[in-house]
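One structure is given here, and the rest of the page talks about it.
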Amino acid sequence: MKTLIIAEKPDMGRNIAAVIEPKAQNKRSYLEGEHYIITWAIGHLIGLAEPDLYDDKYKKWRFTDLPIIPDTFKLLPNPRTVDQLQVIKELATRSNELVNACDAGREGQHIFSLIREHLHLHQPVKRLWISDLTAETIRKGFDQLRDNAEYDNLTRAARARSEADWLIGMNGSRAFTTKHNELLSVGRVQTPVLALIYDRQKQIEAFDSLKFYDITALFNQQETAYRGIWQGDRITDADKAEAIASKIKGKSGTIASYEVKDTREYPFKLYDLTLLQREANGKFSFSAKKTLDVAQALYEKHKVISYPRTNSNYVNEQNIPEMHRILDSLRSAPDYSDFVQNANKRLVNTNNKNVCNPAKVEDHHAIMPTMKKPQGLSPDERKLYDLIVKRFLTHFYPPAEYKVHTVMTEVAQEMFRTTVKQLLSLGWKVIYAADSSKATKESGKDSSKEEGANAQEEEEQETDAPFELNATLPVACTDVEVKAKETQPPKHYTEGTLLKAMESAGKQIEDEELRDAMKDSGLGTPATRAATIERLKQVGYVDMQGKRIMISQKGRTAIELIRGAGVQLLTSPEMTGQWERRLTEISRGQASADTFMSNVKRFTCLIIEKVNHQRPAQKNAFAKAEPPAKEARSSKKYSANTAIESRAKSTAKKTAKTATDNSDSTSPTVIGSCPRPGCGGHIFMGRKGYGCSNYRSGCGFVIWKDSLNRSLTDAMVKGLIEKGKTSKLKFKSDNGEGYEARIVLHDRTTGELALDKE
């Protein structure tokens, strides 16, 4: 009998086999060696069953059948990967021990536990828990295998998360959809995130701009020139501002106070996934999903970074020697050799709490490069790898040193404030000195940081030239500038700033220590936040305008209906953040999964009760505003879900007849048969997507017209539902480089799409 190793994905399985069974035979769906059989799960092989598997009546969406709360949740194999599940079952009969080698985190634990439960595997289980896929780490991980039972609490948290999402999603979506006759997606995490976007939009719309005037004076004392900003209540009268300017120009003044303070700026924290996504969005306009996909490729395919789905910005004590070895390995990299030459290993030690903080490391340490030399990276992979390496290198350099001069200058009884930041030593910022001047100035800063909307910010003058004043000598006001400004509304969310808001459950927290404390109570996890944002796009709740996230009419109406029903908690970031913290406590053994699920079930019943008393929304509540000339014609257009609902006529022929009776030349077109296994419905073209005629019987298959940054045609959708893929299409990366790829039908049950670059 041999030991069966179950990895999460094929690449991971092959990497493990190359280390522990280098002569293993490749059997396509597994590898077999002398002592080990290595296979993989291809992601989620098993999921929670749809409601209709509990009772046929749930095939049709009816409000009177709600709530749906199973006594025991049923499991259902993914029909697309059922063959691989059978492979694992057969291999298990030849094994006397199992090794759980799925991703070292909550979801990886969940994937393995569902396979084990569904296949009734009773062999003893060991757990491989590693943070990168280098040979050294894999070898060390197998030397230190743990008992899988040590992770039972993590398994309970993963299951509670999955079942809670099912209860809220299934019941909430069916309740609001059947009540308001529009497909409305509701989720434990996605709905509060949508509420954040909605509330920001309302703040922007309600904002009244105020015009005001800034007064800036130029002062001279001997060889030193500096600017000062007028201090006082905000001036809204132009004449008053000009009067002050006239009053002080050409006059002599005195230095009321002069303070000089030595300051240091230490390197910014190592990346966790969310911080990496925020910076990549700010610097390269990468979506959260794109950053995750690229980081995953750097980890799995190239093995040049550690596990990316981490929520920690720190390392453990045992990682310090590893960091030193990684630094040495970068010595041969042309882009980083000069930085390595001047790096100081002694700065990265167990007493440096900016780097080493075991109390803030749980499943995985911060993202770091590995000792493997990168080869064949794409331009986007190179950009992300460069971010990670440079952030890593900064910690081997001393802090940047400054003298901060704070001056209060008085002229004709008017006071002006000056702050000059004089650079003494670049320190770690030398890593970014070769970047553009703006990047150098902002090196390492959070690119997604939002400025205060109405705050009158102090102008900080940075210089590397000597700055010195004599407080006893007079100064001359040589020039004055009056500048008209307007208060600015809050900025629309970008994916970077939305990720920041999700991390702190919507609270605007700038203090890094407080942000760390909020990590356990954010919206979602680092591994799921990108998918949540993508989901909001797919269901038509938000649109992208450049980097800005704009709420759609459907998204706006959805939030107003949910709040109007009296279930504000469903839109509450704070409440969902508390749920996420409770899940974390369950994973630590500090809270009960049963108590958590009891509360979720009670809340599910409350949602149904509240929606039951709500009036249905008006028919035009979800429609986009159209130009008047097109109004009559537009009112007859079918949305994706109107087309779905019209399947009540049971056949495409009857649907076509109804459209003819309505004299609507834009009635939905039948594209083909629904690919969802066992459905038998027809796919119709709607205004925003392609949906199934068996919608009210429970089919949730939808392909959205605008997917993967491309507007799909009928021919493309026909290819997707019949062949599972389109022909080769041309795409452009963010840096303008062209490439070819196919759009593939990733999930035949839901209509989820993906890109296959082959």
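List of remarks:
- Test: residue in the stretch 282-305 that is more than 46 Å from the chain's Cα centre (by Cα) and either crowded, with 19+ Cβ neighbours inside 10 Å or closer than 16 Å to residue 416 by Cα (or both): no
- Breaking point among (1) buried (at least 16 other Cβ atoms within 10 Å of the Cβ); (2) closer than 18 Å to residue 173 by Cα, for residue 24: (2)
- Answer residue from the stretch 312-360, given it is touching a His at 6+ places or on another chain (Cβ under 8 Å) and not hydrophobic (A, V, I, L, M, F, W, C) and is surrounded by the most Cβ atoms within 10 Å (Cβ to Cβ) among those: 312
- If you go through the stretch 223-271 and keep only what is in contact with a Ser or Thr (Cβ under 9 Å, 6 or more places away or on another chain), of a type in the set (A, V, I, L, M) and open to solvent by 50 Å² or more (accessible area, probe 1.4 Å), you end up with 225, 256, 260.
Each row is one residue, and each column tells you yes or no for (1) assigned to a loop (DSSP other than H, G, I, E, B); (2) surrounded by 18 or more Cβ atoms within 10 Å (Cβ to Cβ); (3) touching a residue at least 60 places away in the same chain (Cβ under 8 Å); (4) of a type outside the set (Val, Ile, Thr).
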{"residue": "582", "(1), (2), (3), (4)": "no, yes, no, yes"}
{"residue": "586", "(1), (2), (3), (4)": "no, yes, yes, no"}
{"residue": "591", "(1), (2), (3), (4)": "yes, yes, no, yes"}
{"residue": "595", "(1), (2), (3), (4)": "no, no, no, no"}
{"residue": "603", "(1), (2), (3), (4)": "no, yes, yes, yes"}
{"residue": "609", "(1), (2), (3), (4)": "no, no, no, yes"}
{"residue": "615", "(1), (2), (3), (4)": "yes, no, no, yes"}
{"residue": "620", "(1), (2), (3), (4)": "no, no, no, yes"}
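- Residues of the stretch 33-58 that turn out to be within 21 Å of residue 140 (Cα to Cα) and of a type in the set (D, E, K, R), as a count: 1
- Test for residue 157: is it open to solvent by less than 40 Å² (accessible area, probe 1.4 Å), in contact with a Leu (Cβ under 7 Å, 6 or more places away or on another chain) and more than 30 Å from residue 623 (Cα to Cα): yes
- Taking the listed residues 76, 4, 91, 85, the one that is closer than 27 Å to residue 747 by Cβ, among the hydrophobic types (A, V, I, L, M, F, W, C) and assigned to a strand (DSSP E or B) is 76, with no other qualifying.
- Qualifying residue in the stretch 112-132 (condition: within 23 Å of the chain's Cα centre (by Cα), surrounded by fewer than 21 Cβ atoms within 10 Å (Cβ to Cβ) and not hydrophobic (A, V, I, L, M, F, W, C)): no
- Screening the candidates 140, 179 for the property of being farther than 25 Å from residue 16 by Cβ and more than 22 Å from the chain's Cα centre (by Cα) yields one hit, 179.
Yes or no, residue by residue, for (1) part of a helix (DSSP H, G or I); (2) under 30 Å from residue 321 (Cα atoms):
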| position | (1), (2) |
| --- | --- |
| 381 | yes, yes |
| 391 | yes, yes |
| 396 | no, yes |
| 408 | no, no |
| 415 | no, no |
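- Positions within the stretch 464-492 being β-branched (Val, Ile, Thr), closer than 30 Å to residue 204 by Cα and surrounded by fewer than 16 Cβ atoms within 10 Å (Cβ to Cβ), in sequence order: 487
- Annotation: of all residues in the stretch 693-731 being modelled with pLDDT under 85 and in contact with a Phe, Trp or Tyr (Cβ under 7 Å, 6 or more places away or on another chain), the one that is nearest to residue 53 (Cα to Cα) is 698.
- If you go through the stretch 524-552 and keep only what is of a type in the set (Gly, Ala, Ser) and under 8 Å from the mean Cα position of the chain (by Cα), you end up with 527, 530, 531.
The values are calculated or read from the model by the stated rules, or taken from the named source; none is laboratory data. All values reported here derive from a predicted model rather than from experimental measurement. Cβ: placed from backbone, ideal geometry, glycine included. Neighbour counts: every protein chain shown. Quick note on the areas: whole protein, heavy atoms, side chains included, nothing else; ligands and nucleic acids left out. Shrake-Rupley method; radii C 1.70, N 1.55, O 1.52, S 1.80 Å.
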